Amino acid sequence: MHELAIAESVVSAVLERTDRHVSVVRLRVGQLSGVVPDALTFCFEIATVGTPLEGAVLEIEEQRGRAQCRSCGQEFSLDDAILLCPCGSADVELLAGRDLSVTSVEVA
Ligand SMILES: [Zn+2]
């Protein structure tokens, strides 16, 4: 399961930086990353059992996809992974929406 691997890497990334008890982990998840927030929350609970993150709340902020057209220069939002500018060009650079990052952590 995709989300379990992601949850485990989030947990180990946090544990590398702190060994204190963590109460909240905030993530920013791009809408084009393919990650399902509900599934990730579920897997996070499993991945934290027996670690200092056990019982921590996972807060997920979804980030919309954003791209810029190389033909007309227009910047636009993306709701799916179809990279097509309103002008009709597919020569489009993805600016945001595919990444997943930990934005902050609260320690108890
Ligand atoms: Zn365009």
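Where a number appears in this text, it was derived from the coordinates with a stated rule and is not lab data. Predicted model, so just to flag it, every value in this text is computed and none were measured. Note that each Cβ is placed from the backbone with ideal geometry, even for glycine, and that neighbours are counted across all protein chains shown.
One table, with the values for the structure above:
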{"read-out": "Charge dipole (the chain, unit charges on Cβ, about Cα centre) - positive-most of 78, 37, 53", "value": "78"}
{"read-out": "Sites matching trypsin sites (Lys or Arg not before Pro) across region 7-83 that sit in DSSP coil, with at most 16 neighbouring C-beta atoms within 10 Å", "value": "20, 64, 70"}
{"read-out": "Size of electric dipole in the chain: Cβ of Lys, Arg +1 and of Asp, Glu -1, about Cα centre, debye, nearest 20", "value": "260 debye"}
{"read-out": "Loop GluC sites (Glu not before Pro), region 52-88 (other Cβ atoms within 10 Å of the site Cβ: 15 or fewer; DSSP)", "value": "54"}
{"read-out": "Paired Rg and Dmax values of region 6-65, which use every Cα atom, in angstrom", "value": "11.4, 35"}
{"read-out": "Gain upon complete extension [residue 106, residue 8; 0.36 nm per residue less C-alpha separation]", "value": "33.5 nm"}
{"read-out": "Using a Förster distance of 30 Å, the FRET efficiency for residue 39-residue 72 (Cβ separation, nearest 0.05)", "value": "0.20"}
{"read-out": "Hydrodynamic radius by Kirkwood, which averages 1/r over all alpha carbon pairs of the chain, in angstrom", "value": "15.0 Å"}
{"read-out": "Gain on full stretching of the segment that runs from residue 59 to residue 80 - 0.36 nm per residue minus C-alpha separation", "value": "5.3 nm"}
